[in-house]
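The values are calculated or read from the model by the stated rules, or taken from the named source; none is laboratory data. This structure is a prediction, so every number in the text was calculated from the model and none was measured. Cβ sites come from the backbone with ideal geometry, for glycine too, and all protein chains shown count toward neighbours.
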Amino acid sequence: MSILLKSPIDALRQYVEFPSVSADSKFANGVKGAREFACARLEELGFKVNLVPTPINPIILGTRGDPSWPRLVIYGHYDVQPPDPLDLWSSDPFTAVERDGRLYGRGAADNKGPQIVHMAALARVLRDIPDYPVHITYLIEGEEEIGSPSFRGFLEEHKNNLQGDLLLVSDTGSPSPDQLVVTTGLRGLCAMEVKVFGPKQDLHSGVHGGALLNPLQALMHACSSLHDADGRVTVPGFYDAVRPPEKWEREELAKLPTTEEEYARFLGVPNFFPPPGYSSLEAIRFCPTLEFNGVGGGYQGEGSKTVIPAEAFAKITCRLVPDQKSDDIAEKVKKAIIQACPTAVRVEVEIKGGGDPYVVIPPGKPGSTGEETDLMKKAFRIAEDCIERGFGSSPIFLREGGSIPIIQDLKEVAGLDSLMIGLFTNEDNLHAPDESFHLGIMDRAIHSFESFFKELVGN
């Protein structure tokens, strides 16, 4: 009997224990092990599995069923974030440990747990309906945690094999184990690194101070000019293309069980600083941002070292909302930074890439086109029913603040709209120490997806 049928928790435990960190080459064997594990599970389900080479980590492409059937594409990733800092983990990040109804380990929630949910549900369906009449394509990549640099090229090369009626994804979040979210949008992303250069080397601040502009000072001036006192981005044209939220989206947000106060306590902040006209819970879904992710320069060691640094740097990312374009915003921000830096220093802005935002209007909601595929219309309706039965409450339809750029890529290249069902919560600590996956969600989700897949082929 397949481990997916016998014990999905054991399957997840084994999957987590492959240290598949894509950002660090020393984990190459763990990446390979996770990839082989995922391939083996798909082969157990009767999928024909191909490994498509990329410059970094191969993409798993699995297919089963008659191409003339309704076509479903399922996405996931087998790579995980680095486990650092190790001293903040309660147990070894790559030794799966079950306690208090959770399975702890790096990648348990992001994204190995949700993958096992889908696979275990399919295993039950294919046991009961061996000739399940849906053509399914599995895409599992190994570079998501480093920005999916190979994915767009893969899509362009294989787009004729990726045509489908719907994309199913569970790489998004929900507010609690009893309240799932169907994610209807993801913010886009653009990233850049700013470097400001002054003298040819670090200088004595007493001997030379006052004669030249400190690169750190110039950098801080440029960075501070990018926001006004209310926190709005001052870059010219930054908000020009922003699509305001629909009335129904604000109404869905009001259904969230999380209050502003609870959110503040969870984050450990005294209060919030959203843009004017938005609450904090609205801002993370409907508003674009410009964030400083790292700033440095000069002496960083213990004690004092009185130098004027030769250079300073800042790492910046922008989260984008429909209908902003990543390339356009990156160029606008770059121009604003260069103009804000005094001529007494030299500035370089390197654009590091990104991706456009994605939004899907659920069939029947105001603003929907009415041109959705039959499978998409059916899937959204069935998913809502199955989640309500499995979790005791209807899902909430919400945009999410995070970014998965390849979702928009799949829309642009393969014409696939997405059904994104969040299976992790804030308490799962994605990208942080003590990442875990809620086993109660896992169990109920397997049952819900089993019903979903079966009802998808019903009348």
Legend entry - Selection count, segment 257-267, where residues are surrounded by 15 or more Cβ atoms within 10 Å (Cβ to Cβ) and over 14 Å from Ala283 (Cα atoms): 0
Inset, instruction - Test Lys335 against the stated conditions and say whether it is in contact with a Gly (Cβ under 9 Å, 6 or more places away or on another chain) and closer than 30 Å to Pro199 by Cβ. - result: no
Legend entry - In segment 314-343, the residues that are farther than 30 Å from Thr184 by Cβ and surrounded by 17 or more Cβ atoms within 10 Å (Cβ to Cβ): Ala314, Lys334, Ala336, Ile337, Ala340, Cys341
Inset, instruction - Kindly establish whether Pro366 is under 30 Å from Ala241 (Cα atoms), touching a residue at least 60 places away in the same chain (Cβ under 8 Å), in contact with an Asp or Glu (Cβ under 8 Å, 6 or more places away or on another chain) and outside any helix (DSSP H, G or I). - result: yes
Legend entry - Only one of Leu12, Leu42, Leu4 that is surrounded by 14 or more Cβ atoms within 10 Å (Cβ to Cβ) and closer than 14 Å to Asn111 by Cα: Leu12
Inset, instruction - Considering only residues that are part of a helix (DSSP H, G or I) and in contact (Cβ under 8 Å) with a residue 24 or more places away in the chain, look in segment 221-241 and name the one that is nearest to Gly401 (Cα to Cα). - result: Cys223
Inset, instruction - Just name the residue that is nearest to Arg106 (Cα to Cα) out of those in segment 17-35 that are of a type in the set (D, E, K, R) and surrounded by 14 or more Cβ atoms within 10 Å (Cβ to Cβ). - result: Glu17
Legend entry - Those residues of segment 82-97 which are farther than 11 Å from Val16 by Cβ, over 20 Å from the mean Cα position of the chain (by Cα) and crowded, with 16+ Cβ neighbours inside 10 Å, in sequence order: Trp89
Inset, instruction - Starting from segment 333-346, take each residue that is within 12 Å of Cys223 (Cα to Cα) and list its partners that are of a type in the set (Gly, Ala, Ser), counting only C-beta distances under 7 angstrom and pairs at least six apart or across chains. - result: Ile337/Ala222; Ala340/Ala222; Ala340/Ser225; Cys341/Ala218; Cys341/Ala222
Inset, instruction - Just one of (1) in a helix (DSSP H, G or I); (2) under 24 Å from Leu166 (Cα atoms); (3) touching a helix residue (DSSP H, G or I) at 6+ places or on another chain (Cβ under 8 Å); (4) not hydroxyl-bearing (Ser, Thr, Tyr) trips up Phe37, so point out which. - result: (2)
Inset, instruction - State yes or no: is Glu246 of a type in the set (Asp, Glu), under 30 Å from Lys325 (Cβ atoms) and modelled with pLDDT under 95? - result: yes
Legend entry - Boolean, Gly353 is surrounded by fewer than 21 Cβ atoms within 10 Å (Cβ to Cβ), part of a loop (DSSP other than H, G, I, E, B) and at positive phi: no
Inset, instruction - Could you check how many residues of segment 295-316 are within 30 Å of Ala241 (Cβ to Cβ), more than 20 Å from the chain's Cα centre (by Cα) and not aliphatic (A, V, I, L, M)? - result: 1
Inset, instruction - Working only within segment 56-98, note down all residues that are among the β-branched types (Val, Ile, Thr) and either touching a helix residue (DSSP H, G or I) at 6+ places or on another chain (Cβ under 8 Å) or touching a residue at least 40 places away in the same chain (Cβ under 8 Å) (or both). - result: Ile56, Ile59, Ile60, Thr63, Val73, Ile74, Val80, Thr95
Inset, instruction - Check segment 361-382 and report whether any residue there is at negative phi, at pLDDT 90 or above and of a type in the set (Gly, Ala, Ser). - result: yes
Legend entry - segment 420-459, residues that are outside any helix (DSSP H, G or I) and either more than 24 Å from the chain's Cα centre (by Cα) or among the hydroxyl-bearing types (Ser, Thr, Tyr) (or both): Thr425, Ser436, Leu456, Val457, Gly458, Asn459
Legend entry - Where a residue in segment 18-42 is over 13 Å from Ile60 (Cβ atoms) and its partner, wherever it lies, is modelled with pLDDT under 95 and of a type outside the set (D, E, K, R), with Cβ under 8 Å and at least six apart: Ser22/Ile146; Ala23/Ile146
Inset, instruction - Assess whether Glu251 counts as being under 23 Å from the mean Cα position of the chain (by Cα), of a type in the set (D, E, K, R), at negative phi and outside the structural domain of Gln201 (by TED's automatic domain parsing). - result: no
Inset, instruction - Residue by residue through segment 156-172, note down the ones that are part of a helix (DSSP H, G or I), farther than 13 Å from Glu412 by Cα and not polar (S, T, N, Q). - result: Glu157, His158
Inset, instruction - Any chance you could count how many residues in segment 100-129 are buried (at least 24 other Cβ atoms within 10 Å of the Cβ), of a type in the set (Lys, Arg) and under 16 Å from Leu456 (Cβ atoms)? - result: 0
Legend entry - Top-ranked residue in segment 119-151 [being closer than 22 Å to Gly353 by Cα and either part of a loop (DSSP other than H, G, I, E, B) or outside the structural domain of Phe37 (by TED's automatic domain parsing) (or both); ranked as modelled with the lowest pLDDT]: Gly147
